[in-house]
Structure formats: C-alpha cells, structure tokens
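Undergrad: Handing you this structure, nothing more for now.
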C-alpha cells in the first residue's frame, strides 16, 4: 500500500526535516496526506550569551550555559530567530495524527530530532524516519520502516557540544586578556591552527641546499615512431658507483642528512660542469633493462574528506564551498548524504554503477565480480554509504539538467563512483641504465624510467588529482625506446642542472583535511567548518590556495603551547576523540569523563587528567588551568625574535617590529603588513621596514595658529594633524579635537609638505552659495571627493578639484540630473582568463569596498593575503566558486517584520485591556490617551531599534 492511500485512512502526518529545500523535494514524493515542514537547522542550543539564559540561573551557569556542578546539565534555549518557526511547527503538530522526525541520519541530525521532540512535546505517536538519499523509493521506504530515536547518538552529540562549550568559553577569555579581544579557541580549531603555524615555523627555520646533477639526451640511431622513440632523456644516477645526491638527501638545515655524506656524492656547479664536459665525447651503452608489470586498482568511492580533497585539486573549491554545493545536490535528490566516513556501496548502487560501465565503456571494462570497499576510517560514526549519485539508476551528468558548480561536483562524484566498479589499469614499467666512461676516467651511470599502459581500465573514466602540481598522474605514460642490454647509444647532449631544496609546502585546504584525518583529530563532517572558522578569525589567510598563518596565530599558538600544552597536543586531542567515540558506543559514561576533564579528579583518572602541560602545571583540570593566569606574560607570548636585536610583537592593532625599548634612545618601531607571510619577515626586510620613515614627521608651524603640523602613518593610512598645546582638554564638554585630514592617494609621507597639509586641513572648502542662498562645499569622504549642497551630494572626478572647482562649475554639475545608476565602469585592474564554470572572462576590478574578481555574473571580494598583483587565475576562480556556493545574500531587514507585528499585537492588547477596565466614559478617555501615548512611545522605540539595527548592519 502506498504512503498516500495509507494516510487517507490513518489521518494526517507531519514530517519535519532540516531545510526548506529538502522539505520541498520530499513533499513531492509523499503526496497530499503528508505535511512536510523544515526546522531550518537546530531549533535550540546552548545560549550564545548570558542575556539568553533564563533569570533563574546565575553565576557560572549563566556564563557557561552549562551547570558544571550538577552533572554538567546543559541549559538549552530556543534560538531567537527560530521562535516563529517553533510556533508554526506546534500549530501544524496540533492538527496532525502522527509526527515523523526526518532529520539527517548522523549524530547531529539525531540531536536535532531529539530537540524537536523535547520542545514540541507531541501527544501523538512519534517516529524517527531515516534515509541517506532523497529519491521516491528511498523516502517511501523510510516512511514504511521508521525506527526509534537513538538516545546513545543524542548523548554522544550532547557530550561533544558540552565539551566544546567548556573548552571555548574557558580558554577564549584567556586569549582576550593576554593577546587580543574577541579571539576564540576551540578543541579542533586550535589544533588545526597549530598545524598551520608549525608548518610555517619549519619554513622559517629551513635553509636551502644547492645541488647539481646531469641530464643526458641519448639517441638509438633508429628512425623511431610513437611506440619506439628514437631519443630519450636520462638523469645521472651514480659516479664511480657512488649515488649522486638529490633533494631527499638534504635535511631542513641545508646539510646532507646524517650518514648520507659517505654514501652519496654532492656535486656543486663546478664539478657538475667539469663532469659534463668530460662526458661529451664518451661512448655510452645500455647496461641493463628491467621491465616489471604495472597494475593500478581504482580508487574507492568518495567519502566526506576525499570529496573535499579532490574538489580542491580538480575544481579549485574550498572545503566549505564543496560542502555547500554537495548539500544542495543532496537536498534536491541528486546524490546520497554527503557527511559520511564510509566507502561502502549498497547492492543497488553497485548494480547501477556496473550497468553504466557496460553501457558507456563496454563489457571489457567490467570486472567479473563487483568490487567491495568495506574500509572505514577509525571510529566512523556514520553507517551511511559512500557519496554517490542517488537512485537505483545513475543519471549521467548530461541527464541531470544541472549547471555550473553543481554540475561539476556531480560529474566528479558520478565519474568516481562508476570508475570504482571498473577493471584495473595494467601495463609495464621499465627502467633503463646507461653507462659511459668520462675522459678523466670516471664511470658515470644514467637512469631513465618509463611507463606504458596496455589497458586503461578505470582510467578511462577517472584519474585522481595530486596535491603536488608537479606530480605525475596515474594515467601519464612515458615511453622509452625498445633497447637491449649492451646496445650502443649516442649522447646528443649532456647538460649540467642546478637545483635547490625547497621548504616544506604550506598546507592547502585539501592537504590540511588529509592531515587532520590521518592524525585522527576531529571528525570529517566538521573539517569544512573548522577551516572556515580559522580563516574567518584571521588566524589563517590564503595566498593562492596555500593556507598562511597570520602573526596573530603565532601569538595564540604560543600561549596555548606554553600554558595549555595538552589541549593542543595532537595525540591528546586524538585520544579525546577516541574517548568521545567510546561514549557514543556506550563503553564509557559522559558525566564522569567530563568531570575528569573539567575538574581533574585524580592524576591517573584518565586521559583528561593530562590536560596540563610541561611547565610544571599538571593539575589536570581545565578549570584550574584557566584560573591561575599569573604565570602568563602577555608581552612574552606575543614577542618573537627576528634577529639583530629586532623583535616582532603582536599588538592589539596588528603586528609590528621594534628594536630597543620604548622611550629609550635609539628605539625604532615599524608596522608590519598584515598580509605578510611570516617566513617572508627576514632580518633584511625588517631592516628595510625600520629604515622607512615612520612615526611623526614634523612639517612646520601653521602661520595662522603657531601650532606644529605633523604627518603620521595611522591605522587607516597616512594623515596630517596639528599638535595641540599642553593642557588642552581632550575629554569632556570642553574637549578640543585637533584638525586632521587624510592624505590624497597621490600623496605620500615622504613627499607631503606643510602647504599640502594646510590645504588638506582647510577642507571642507566653501565653494559658494546657489541662487537660493544654500551653501555648496567641497569635501573629501570615504568614497572619494564630492560636493555637498544641503542633503544633495555629487561626486567629483579628481581630488584636485576639491581646491580648484569654481562656483560656476559646481552649479553646472548641480544643473545636471542626478545620476541614479552607477558611474561609468572603471577599466579592469587585471585579466585572469575564462572561468571554467561560467566560461566568461574573469577580471579584477576596483570596487567601492576594494578590489574584487568578477565574471560579469558573480562578484567576490579579495580576501586578506590576496592582492591584485599576486592573485592567480585559479585563486580568482576559487573565490567565485565560494561566492556562488553561498547563494544570493539574504537581506538583513527581513527579520524586522515579526518584531513589528509583535509590538503591534502587544499595543493592541494593551488598548483592549484598557478599554475593558474602564467603567466610565471619562475613565475610558483617560485610558485611551494613555494607550495612545504608549503606542507613540512604542513606535518611537521601534523606530530607534530599527535605526540602530540598520546602522549595525551597515557597519558589517
């Protein structure tokens, strides 16, 4: 019996999912007997601040939102922006005969379902409906086979949430006090930041080594063809039996690794060139040919982390953008659930994939038996399938009707899934060794490696990308000539090649995800939000696709390592993850574990008791660690030696360098660019910064006032100001503010003169008055020079016009109709090429809020670390992809309506009550007047709130 006909007999069912998009898709599969509504994510959570906590809670409970003294009882509150939705759900539930909680099948989804049940308090039967793909069959199957709520999963999610709250709310205030306000710490976020910082430390400490080798181009003497090339290149491998040093033989200090110096020959430029010259007339012959069979099996289907990594390598998507696009694909029924640790495919999916292999590539590419990918990552929390196209028959990308980023991500998932059920690729790998004796008697041996693929198998459908852009992909062939041992070869060219070892590569989003997973830190479903957080907090910024730590993150990690060592220890964090998974499996209890972590009951009580660090602070409990902050020297943890007595300091307004103590003779100080990569702050560059003119430049005295005029480099750029006499009140109602003006774009601190400064400080300049007597002024504003007449402003073309424009010219500008549209478009600052999604030309432009990339349809502002000069096409495409994934910006004023309606209802209620309470006409009039007064006051208050909210949103 179908769900629809069943419902016709059994009443009305309310199905609650997370998102409106998912609700819309599912509604289409269930029919008229079902009402499908979205909770729009979590409906309640721990409070965001003390103001959200009910009044009955005080002290620590109010601050943390968790009652640590009563079994870590969480205080849950309905989110302010979800109250209207909760009310709607309650109204729908009141008219329903059954409730189906159809949130996602993971730990977070189970928790949302539990919260819905707790808040809605249903009096009708409640069923938990689960599915991992949104197709007609899957949804109907889920309705027919509901289950009970899994309390163990709920408890596991709650424990994680409480732990993360205690960690964040206890450690973050330490950062506020000792580093900078409004910083945050987090269980996985801080460890991820530490990984990025440690990689940068390795780069700073790295010393490059130079080494040389030879490349020979050898000819067989035959005509040659595609299968048997006539020439090939080989690299020098040994000299007199001693292996020639390569990059892998050197340590990060630029020296040969211990023990290598005896086994390898380190060639410098002179020796390499001498050897090349000595080999030019040598006779060469093939010494050996070694052939081995080559076989490569297909890659497992995608899970969350491998999808993020491949989408980064192949499509240039960040982890966050990948998950946002995948979410839309899932909600609209194109793929299975995208938060999964599993590589397993269902029997249906295997059949669908095998059918497409036969249909698209032929039976020769189909293995006799289905391939099974049963491996999961350790402690995988989800029991889902791998990420694959949904349904029992896969739609080809062309059949989906998808476009843009969604099409590209679906195509990637589809190809990977189909390829996973194809035959191995097979071929041969060959190694040829060529020897010759130099004119100085030395024996040189060259080596060449090749690979031929005789049957491409799964590679016909899919080849995995690589993090290293120089790495050879699996399908890359390199054919060598068909030569035999003893065969003579001619050296057409012997060249000496110089190389330098490179510092370890910075993490990209893909490689950081891979590192976190390999270290078993955090859970794959959270990696995208973690990387998003450290980018948003300013701990990390991007240069191209590389993740670069800011100087601020160095200070934060320094503090955490020195005073909360275990909390950012990689093994400790991984063990904590194991403990949380043991709780989820019912092998451990949440409350005793949280007590040990927070209060530190006994030094051998468990992993949580090791939450101290190596500086003698071994108390174990988080609470005691954050209570005694006296040992933390704020200046010390934010100071880093650069060299030659120069120290980098992380100040409240950004990083700076200084030499010597403040106010001491010879003290030097200079700001450091916020987007400077830490490994680029060399002693030489620091000296350059200190040598630049900085501080106050005295330009002279103002002839009119006698006050000294100085030029300064401020937080918002260079400016000029006057020095007020000592004793001038700076605060209070009699306070005097010095005249100040920003330098024009065409000016610099090095060249600005006293006359320039006085002209700048004379602004705004009165140009004259119009025929009606209204004054017209020329002013320099945030968005450039403009004229102002009353409330009517008109832009000027150049800053110089501020001083030169005449009254007649100003009146002529005002005589023209005000331009309501945009001004003429400025020429692009840089062209990046065609976007791979929209196929439109991408350019960098200068906008009102700074430079941005655009393809004419989507605009994305450049981030910290991006610059017009350094931005690459790939980075431009990535910014556009992330912006598209976010979708159109939501209007912030949309939330005002409910508040106004509520205010109106309250006023109406007061008015009605006042009328009912009056017994006489006089009393009624009095009450009406009071109500009117209240109504007016309410309107004024509402107006003030709206104005305040608008001002706030304008500043964001």
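The values are calculated or read from the model by the stated rules, or taken from the named source; none is laboratory data. This one's a predicted model, so the numbers in the text were calculated from it and none came from an experiment. Counting neighbours? That spans all protein chains shown, and the Cβs are built from the backbone with ideal geometry, glycine included.
Undergrad: Would you point out the residue of region 271-304, among those that are in contact with a helix residue (DSSP H, G or I) (Cβ under 9 Å, 6 or more places away or on another chain) and buried (at least 22 other Cβ atoms within 10 Å of the Cβ), that is nearest to residue 530 (Cα to Cα)?
TA: If we take residues in region 271-304 being in contact with a helix residue (DSSP H, G or I) (Cβ under 9 Å, 6 or more places away or on another chain) and buried (at least 22 other Cβ atoms within 10 Å of the Cβ), then 304 is nearest to residue 530 (Cα to Cα).
Undergrad: Considering (1) more than 22 Å from residue 513 (Cα to Cα); (2) part of a helix (DSSP H, G or I), say which one residue 314 fails and leave the rest.
TA: That leaves (1) as the condition not met.
Undergrad: Also: Within 30 Å of residue 329 (Cα to Cα), surrounded by 20 or more Cβ atoms within 10 Å (Cβ to Cβ) and modelled with pLDDT under 95: does that describe residue 390? If you could, list the steps in order and put the result at the bottom.
TA: On the way: within 30 Å of residue 329 (Cα to Cα): yes; surrounded by 20 or more Cβ atoms within 10 Å (Cβ to Cβ): yes; modelled with pLDDT under 95: yes.
It is true that residue 390 is within 30 Å of residue 329 (Cα to Cα), surrounded by 20 or more Cβ atoms within 10 Å (Cβ to Cβ) and modelled with pLDDT under 95.
Undergrad: Another one. How many residues does region 15-37 contain that are under 30 Å from residue 166 (Cα atoms) and crowded, with 21+ Cβ neighbours inside 10 Å?
TA: 2
Undergrad: Being within 21 Å of residue 880 (Cβ to Cβ) and part of a loop (DSSP other than H, G, I, E, B) is the filter here, so list the residues in region 400-445 that pass it.
TA: Result: 402, 403.
Undergrad: Check 201, 194 and return the single one that is in the same structural domain as residue 564 (by TED's automatic domain parsing) and in contact with a helix residue (DSSP H, G or I) (Cβ under 7 Å, 6 or more places away or on another chain).
TA: Every option except 194 fails the conditions.
Undergrad: While we're here: Across region 847-868, what is the number of residues that are loosely packed, with under 15 Cβ neighbours inside 10 Å, modelled with pLDDT of 80 or more and in a strand (DSSP E or B)?
TA: Total satisfying the criteria: 2.
Undergrad: Let me ask something else about it. Looking only at strands (runs of 3 or more DSSP E) that fall completely inside region 475-585, which ones have 1 or more residues that are over 13 Å from the mean Cα position of the chain (by Cα) and farther than 25 Å from residue 680 by Cα?
TA: Answer list for region 475-585: 488-500.
Undergrad: Still on this structure, please answer the following. Is it the case that residue 196 is surrounded by 18 or more Cβ atoms within 10 Å (Cβ to Cβ) and either more than 41 Å from the chain's Cα centre (by Cα) or modelled with pLDDT of 95 or more (or both)?
TA: Against the criterion (surrounded by 18 or more Cβ atoms within 10 Å (Cβ to Cβ) and either more than 41 Å from the chain's Cα centre (by Cα) or modelled with pLDDT of 95 or more (or both)), residue 196 qualifies.
Undergrad: Same structure, new question: Look at residue 197 and say whether it is in contact with a strand residue (DSSP E or B) (Cβ under 6 Å, 6 or more places away or on another chain), touching a residue at least 40 places away in the same chain (Cβ under 8 Å) and in a helix (DSSP H, G or I). Before the answer, list the steps.
TA: Working: in contact with a strand residue (DSSP E or B) (Cβ under 6 Å, 6 or more places away or on another chain): yes; touching a residue at least 40 places away in the same chain (Cβ under 8 Å): yes; in a helix (DSSP H, G or I): yes.
Judged against the criteria, residue 197 is a match.
Okay, residues lined up against (1) over 30 Å from residue 199 (Cβ atoms); (2) modelled with pLDDT of 90 or more; (3) buried (at least 18 other Cβ atoms within 10 Å of the Cβ); (4) in contact with a helix residue (DSSP H, G or I) (Cβ under 9 Å, 6 or more places away or on another chain):
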| site | (1), (2), (3), (4) |
| --- | --- |
| 683 | no, yes, no, no |
| 694 | yes, no, no, no |
| 699 | yes, no, yes, yes |
| 724 | yes, no, no, no |
| 729 | yes, no, no, no |
| 733 | yes, no, no, no |
| 751 | yes, no, no, no |
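Undergrad: Quick check: is even one residue across region 166-183 in a helix (DSSP H, G or I), under 25 Å from residue 567 (Cα atoms) and in contact with a strand residue (DSSP E or B) (Cβ under 7 Å, 6 or more places away or on another chain)?
TA: Looking for residues that are in a helix (DSSP H, G or I), under 25 Å from residue 567 (Cα atoms) and in contact with a strand residue (DSSP E or B) (Cβ under 7 Å, 6 or more places away or on another chain), one finds at least one in region 166-183, hence yes.
A quick yes/no check of all residues on (1) under 31 Å from the mean Cα position of the chain (by Cα); (2) within 16 Å of residue 558 (Cα to Cα); (3) free of Cβ contacts under 8 Å to residues at least 12 places away in the same chain; (4) not in a loop (DSSP other than H, G, I, E, B):
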| residue | (1), (2), (3), (4) |
| --- | --- |
| 623 | yes, no, no, yes |
| 631 | no, yes, no, no |
| 636 | yes, yes, yes, yes |
| 641 | yes, yes, yes, yes |
| 649 | yes, yes, no, yes |
| 655 | yes, yes, no, yes |
| 658 | no, no, no, yes |
| 661 | no, no, yes, no |
| 665 | no, no, yes, no |
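Undergrad: Let me ask something additional. Can you list residue pairs whose Cβ atoms sit under 8 Å apart, with the first residue in region 229-258 being in the same structural domain as residue 276 (by TED's automatic domain parsing) and on the phi > 0 side of the Ramachandran plot and the second being exposed (fewer than 15 other Cβ atoms within 10 Å of the Cβ) and not in a loop (DSSP other than H, G, I, E, B)? Count only pairs 6 or more apart in sequence or on different chains.
TA: 240/443; 241/443
Undergrad: Another one. Just to verify a result, which residue in region 775-810, among those that are touching a helix residue (DSSP H, G or I) at 6+ places or on another chain (Cβ under 8 Å) and without any contact (Cβ under 8 Å) to a residue 24 or more places away in the chain, is farthest from residue 762 (Cα to Cα)? It would help to see each step written out before you state the result.
TA: First, pick out the residues of region 775-810 that are touching a helix residue (DSSP H, G or I) at 6+ places or on another chain (Cβ under 8 Å): 776, 778-780, 785, 787, 789, 792, 794, 796, 803.
The next check asks that each one be without any contact (Cβ under 8 Å) to a residue 24 or more places away in the chain; those that pass are 779, 785, 796.
Numbers: 779: 10, 785: 14, 796: 18 Å.
So, considering only residues that are touching a helix residue (DSSP H, G or I) at 6+ places or on another chain (Cβ under 8 Å) and without any contact (Cβ under 8 Å) to a residue 24 or more places away in the chain, the one farthest from residue 762 (Cα to Cα) is 796.
Undergrad: Taking the stated definitions as given, is residue 354 more than 26 Å from residue 520 (Cβ to Cβ) and touching a strand residue (DSSP E or B) at 6+ places or on another chain (Cβ under 7 Å)?
TA: For residue 354, the condition - more than 26 Å from residue 520 (Cβ to Cβ) and touching a strand residue (DSSP E or B) at 6+ places or on another chain (Cβ under 7 Å) - is not met.
Undergrad: Any idea which of 710, 642 is more than 27 Å from residue 741 (Cα to Cα) and surrounded by 11 or more Cβ atoms within 10 Å (Cβ to Cβ)?
TA: Only one candidate qualifies: 642.
Undergrad: Further, regarding this structure: How many residues, within region 102-155, are in a helix (DSSP H, G or I) and more than 32 Å from the chain's Cα centre (by Cα)? Steps first, please.
TA: Taking region 102-155 as the starting set, the residues that turn out to be in a helix (DSSP H, G or I) are 107-120, 136-144, 151-155.
Those left that are additionally more than 32 Å from the chain's Cα centre (by Cα): 117-120, 136-144, 151.
Residues in region 102-155 being in a helix (DSSP H, G or I) and more than 32 Å from the chain's Cα centre (by Cα): 14 in total.
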